[in-house]
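Peer 1: I'd like to ask some things about the structure below.
The values are calculated or read from the model by the stated rules, or taken from the named source; none is laboratory data. As the structure is a computational prediction, the values presented were derived from the model and not from experiment. Positions of Cβ are backbone-derived with ideal geometry, glycine not excepted, and every protein chain shown enters the neighbour counts. In case anyone asks, the SASA skips ligands and DNA or RNA and just uses the protein heavy atoms, side chains included. Shrake-Rupley method; radii C 1.70, N 1.55, O 1.52, S 1.80 Å.
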Amino acid sequence: MPSFAYEVKSELTNVKNIYKCCNIAQLNGMLKVGAELNGNRIDFNTNNAAVARKMLKLIKLVYNKNAKTEVAVIRNKKFRVSNRYVIRIILNENTAPLFREMNENKFPVEECCQKSYLRGLFLACGSVNRPESSYHLEIFTDTESTAKFITKNMKRMDFPAKYFKRNDRFVVYMKQFDAISDFLYMIDAKEAVERCEIAQNIKEVRINVNRIINCETANMQKAINTAQKQIRDIKKIYKLGLPLNVRLKEVADIRLKNPDATISELSGKLYISKSCFNHRMKKIHLMANSTEYTKKI
C-alpha cells in the first residue's frame, strides 16, 4: 500500500502551471533540495516515478530542446524500494542557470511562483503522515543554510515551520493540522486536503464520543458510590434501632428497595425534589455517624 506522501506527490505531479515563470520556480524548488552537482551534470534523485516524469516534463517546458538529459534507473534488491530514478541534466550554456539557482538562496517574488517553488520542494524531498494517525509534514535538505532559507520563507507566508538536524540531514517540519492542511491546499493538493479534513472530523467525533462515555461512566460510578454509602448508613441506623420519622423512613425504604437507582429517579418516585431527597439523606448520614444523636427529626 503506497504511503500518504506518495499519494500526495502523485496528485501534485498532475498539477499544471499556467505561466512559464511558475514552471521555472517549481523546477528550481525541486533541484534546490533534490539534486547535486556531479562534474558537468546535475543529478536529481527520487524513488517516485511520477516525480521523475514531472522533472523531465518541467525541463522540456522550460528549455524546450536546448537541455540534454539522461535517465538512469538504479535497482535495489535489499530494500522494499526497488527502483531509484536519477535524472541527469548535462550543463551547457542553456542550462547553466540551473546550477546558479541551486546555489542561491533566492525565493520567488510573485505569489504564483512561491506556491510552485514550495510544491517543487515537497515533490523532491517532502513527506507527510497519514491524517488518520498524527499530523506531521517534513521537507528534507542536506545543508543547514537551505533549511534556514526554507524555514524563513515559510514563516513569511505564515506557516509555523521549524527545523532540526536528523543524522546527517536537516528537516524542516510542521505539526499543526491547520498549517499542514493550508500548506497542502496552497500547493494544490486538494484531494489530500479533503482526506485530511475527513480524518480530522472523524477524530473529533471519536474524541467527543469518548468524552461523553467517560463522563457517563464517572457519573455512574459516582452514583454507585453514593448509593452504597447511603445504604450503609440506613442499615447502620436500623441495626442501632434509631428512630426515623415518616419522611426519613420513606426515603430510607425506597433507597433499600432500589439500590441501583439514581437520586433523580428516587426523588421522582417520591414526588420530591433532588435537593429535598439529599437533605433527608444527609440527616440519615448524621444519625448513622453519631450514636449520641437522640433528638427527634
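Peer 1: Does the range 83-97 contain at least one residue that is over 24 Å from the mean Cα position of the chain (by Cα), under 17 Å from TYR6 (Cα atoms) and not aromatic (Phe, Trp, Tyr)?
Peer 2: Yes, some residue in the range 83-97 is over 24 Å from the mean Cα position of the chain (by Cα), under 17 Å from TYR6 (Cα atoms) and not aromatic (Phe, Trp, Tyr).
Peer 1: With a cut-off of at least 1 residues that are without any contact (Cβ under 8 Å) to a residue 24 or more places away in the chain and small (Gly, Ala, Ser), name the helices (runs of 4 or more DSSP H) lying wholly within the range 199-289.
Peer 2: 263-270, 274-288
Peer 1: Now for a different question. Looking at the range 31-44, which of its residues are part of a strand (DSSP E or B) and open to solvent by less than 40 Å² (accessible area, probe 1.4 Å)?
Peer 2: ALA35, ILE42, ASP43, PHE44
Peer 1: Determine whether ASN278 is touching a helix residue (DSSP H, G or I) at 6+ places or on another chain (Cβ under 8 Å) and farther than 30 Å from SER10 by Cβ.
Peer 2: Considered against the rule, which asks whether it is touching a helix residue (DSSP H, G or I) at 6+ places or on another chain (Cβ under 8 Å) and farther than 30 Å from SER10 by Cβ, ASN278 comes out as yes.
Peer 1: Output yes when any residue across the range 192-209 is within 30 Å of GLU104 (Cα to Cα) and of a type outside the set (Lys, Arg), and no when none is.
Peer 2: No, there is no match, as no residue in the range 192-209 is within 30 Å of GLU104 (Cα to Cα) and of a type outside the set (Lys, Arg).
Peer 1: Kindly state which strands (runs of 3 or more DSSP E) lie completely within the range 62-155 and contain at least 3 residues that are free of Cβ contacts under 8 Å to residues at least 12 places away in the same chain and of a type in the set (A, V, I, L, M, F, W, C).
Peer 2: none
Peer 1: Same structure, new question: For the range 134-153, how many residues are within 25 Å of ALA52 (Cα to Cα) and either buried (at least 16 other Cβ atoms within 10 Å of the Cβ) or of a type in the set (Asp, Glu) (or both)?
Peer 2: Number satisfying all stated conditions: 10.
Peer 1: Within the range 101-133, how many residues are open to solvent by 60 Å² or more (accessible area, probe 1.4 Å) and of a type outside the set (Lys, Arg)?
Peer 2: Number satisfying all stated conditions: 8.
Peer 1: Within the bounds of the range 14-30, is there any residue that is among the polar types (S, T, N, Q), under 23 Å from VAL193 (Cα atoms), surrounded by fewer than 17 Cβ atoms within 10 Å (Cβ to Cβ) and without any contact (Cβ under 8 Å) to a residue 24 or more places away in the chain?
Peer 2: Scanning the range 14-30 turns up at least one residue that is among the polar types (S, T, N, Q), under 23 Å from VAL193 (Cα atoms), surrounded by fewer than 17 Cβ atoms within 10 Å (Cβ to Cβ) and without any contact (Cβ under 8 Å) to a residue 24 or more places away in the chain.
Peer 1: Does THR69 satisfy the condition of being touching a strand residue (DSSP E or B) at 6+ places or on another chain (Cβ under 7 Å) and open to solvent by 20 Å² or more (accessible area, probe 1.4 Å)?
Peer 2: When the stated conditions are applied, THR69 passes them.
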